[in-house]
1. Criterion first (modelled with pLDDT of 85 or more and either within 19 Å of residue 334 (Cβ to Cβ) or out of contact with any Gly (no Cβ under 6 Å at 6 or more places or on another chain) (or both)) does residue 73 satisfy it?
2. Go through the range 336-346 residue by residue and tally those that are over 16 Å from the mean Cα position of the chain (by Cα) and in a helix (DSSP H, G or I).
3. Within the range 387-399, how many residues turn out to be crowded, with 20+ Cβ neighbours inside 10 Å and more than 21 Å from the chain's Cα centre (by Cα)?
4. Before we move on, is residue 254 open to solvent by less than 60 Å² (accessible area, probe 1.4 Å), modelled with pLDDT of 90 or more and acidic (Asp, Glu)?
5. Among the residues that make up the range 281-289, is at least one of them crowded, with 23+ Cβ neighbours inside 10 Å, among the hydrophobic types (A, V, I, L, M, F, W, C) and under 21 Å from residue 65 (Cα atoms)?
6. Hey, among the residues in the range 306-322 that are within 19 Å of residue 391 (Cβ to Cβ) and touching a residue at least 40 places away in the same chain (Cβ under 8 Å), which one's surrounded by the fewest Cβ atoms within 10 Å (Cβ to Cβ)?
7. Being among the polar types (S, T, N, Q) and surrounded by fewer than 16 Cβ atoms within 10 Å (Cβ to Cβ) is the filter here; which residues of the range 290-305 pass it?
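The values are calculated or read from the model by the stated rules, or taken from the named source; none is laboratory data. Keep in mind that what you see is a predicted model, and the values were worked out from it rather than measured. Cβ sites come from the backbone with ideal geometry, for glycine too, and all protein chains shown count toward neighbours. Side chains included, ligands, DNA and RNA excluded: accessible areas come from the protein's heavy atoms. Shrake-Rupley method; radii C 1.70, N 1.55, O 1.52, S 1.80 Å.
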Amino acid sequence: LAQSLFALFASSLAISLVFAIIPLCHNVVVLAVVMAVAGLAMGCIDTISNMQLVKIYQKDSAIFLQALHFFVGFGALLSPLIADPFLSDTNCILSNSTANASSNLPHIRKSLVPHHPGNLSHYDLPMKGMVVTRVSYAFWIMALINLPVPIAVFFLLYKERMVPCFNSSSHPLKSADELAMETRPAEKDDLSTTVQRPHAAGGHDDLFSCCQSKNYRGASYTYFAVHITGALVLFMTDGIVGEYSGFIYSYAVEEPLSVVHKVAGYLPSLFWGFITLGRLISIPVSYRMKPATMVFINVVGVLITFLLLLIFSYSVVFLFVGTASLGLFLSSTFPSMLAYTEDILQYKGCATTVLVTGAGIGEMVLQLLVGSIIHDQGSYSFLVCGMIFGGLAFTFYAFLLFFHRMYPKPSSDMDDASPDKPGVMDDTGQYQR
């Protein structure tokens, strides 16, 4: 817990520093390094926050994972709205040719499609003169908005007596989460002892415990198969989120739809809006529905939506309907898959790192792949690629269900216990009921 909290503190503080520094970068290499640091910090936050929720709440983690990813979608929806007032519709550099160039800016701003950058070469934009842009304020506002996060993490470290200089004056928080255990009071003492044990024993369950080879000795092939198939499902679904939000505007403005630029600009916002709405709806739904069922509904819904988008590919109205539907079905896939996979593996937290990494790689790789295919084959291939990725996600999920059935069941003493009883760790690092 201490290692995770310190990593969260450093990563969240780094994001605020990076956003404050970005407007001061006047060299593309320096900007690339700064953005790489931001990506590294965001990856740490994504992995650690998911992993710790799984470890703390265990059987109840699905609800809290849905809440976590609702705020992820909410931030993705809100941050462009914060930045938009500071984006200029005229040229950001004043010079003698500004008057002629400014008339081209609204069109340029709406036509920065990823696969046709060469189309903008005939616009004559001045590169020297007095800079009048206000976009720096957007970065500084985001840096200030993020600043309470490292402050809150530091406060938690202080309350847990993990700050070396302030380890005697504060009262620590409860060692086990009371919300997760309030319906099981008889087990609270056992879990409290278990959670405190790593501090006393000196690191049975540290941040890198999943990487130790001794944990893999004697593991069946289904143990690795569950990790791999779960990661592949998220590779596809998170990849669809990345490529759809990145290229839906480009697809809409080109033939055969030829949607006007201003209307097409609403599509990415609609997509992220319904992702956020879907994650909000999934919080109460996860109380009633198993994560495996939610993932099944999601992958089938994605597949059917892409099929209908292909059938009605000439309908602008259905493009908006399909975009909203796709956002709704993709919204809860990540947290539901995380909860389902960790449930299979008895909440050891190791699967979380594999799944988060698989999702991140998919979001990166599929955008590059789809961009190249659209450039070579045309805009219609955008929906074809989505259909293929949706079909692969469903196939990998079917394999995951198969390996779940093959995965060794818990021992008999675990079967006799209550099905809602969470797994806890004994002195050897093995999870028991």
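1. On the way: modelled with pLDDT of 85 or more: no; either within 19 Å of residue 334 (Cβ to Cβ) or out of contact with any Gly (no Cβ under 6 Å at 6 or more places or on another chain) (or both): yes.
For residue 73, the condition - modelled with pLDDT of 85 or more and either within 19 Å of residue 334 (Cβ to Cβ) or out of contact with any Gly (no Cβ under 6 Å at 6 or more places or on another chain) (or both) - is not met.
2. Pass one, the range 336-346, residues over 16 Å from the mean Cα position of the chain (by Cα): 340-346.
Next, from what is left, pick out any that are in a helix (DSSP H, G or I): 340-344.
Number satisfying all stated conditions: 5.
3. First pass over the range 387-399, keeping only residues crowded, with 20+ Cβ neighbours inside 10 Å: 389-390, 393, 396-397.
Okay, now just the ones that are also more than 21 Å from the chain's Cα centre (by Cα), so none.
Qualifying residue count for the region: 0.
4. Details: open to solvent by less than 60 Å² (accessible area, probe 1.4 Å): yes; modelled with pLDDT of 90 or more: no; acidic (Asp, Glu): yes.
No: the conditions fail for residue 254.
5. So in the range 281-289, the residues crowded, with 23+ Cβ neighbours inside 10 Å come out as 282, 286.
The next check asks that each one be among the hydrophobic types (A, V, I, L, M, F, W, C); those that pass are none.
Scanning the range 281-289, I find no residue that is crowded, with 23+ Cβ neighbours inside 10 Å, among the hydrophobic types (A, V, I, L, M, F, W, C) and under 21 Å from residue 65 (Cα atoms), so the answer is no.
6. Within the range 306-322, the subset within 19 Å of residue 391 (Cβ to Cβ) is 306-313, 322.
Restricting the remaining residues to those that are touching a residue at least 40 places away in the same chain (Cβ under 8 Å) gives 306-307, 309-310, 313.
Numbers: 306: 24, 307: 16, 309: 22, 310: 14, 313: 18.
Checked the range 306-322; the qualifying residue surrounded by the fewest Cβ atoms within 10 Å (Cβ to Cβ) is 310.
7. First, pick out the residues of the range 290-305 that are among the polar types (S, T, N, Q): 293, 298, 305.
Result: 293, single match.
Residues are listed down the side, and each one gets a yes or a no for (1) within 19 Å of the chain's Cα centre (by Cα); (2) farther than 21 Å from residue 309 by Cα:
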site: 324; (1), (2): yes, no
site: 348; (1), (2): no, yes
site: 357; (1), (2): yes, yes
site: 364; (1), (2): yes, yes
site: 374; (1), (2): no, no
site: 378; (1), (2): no, no
site: 385; (1), (2): no, no
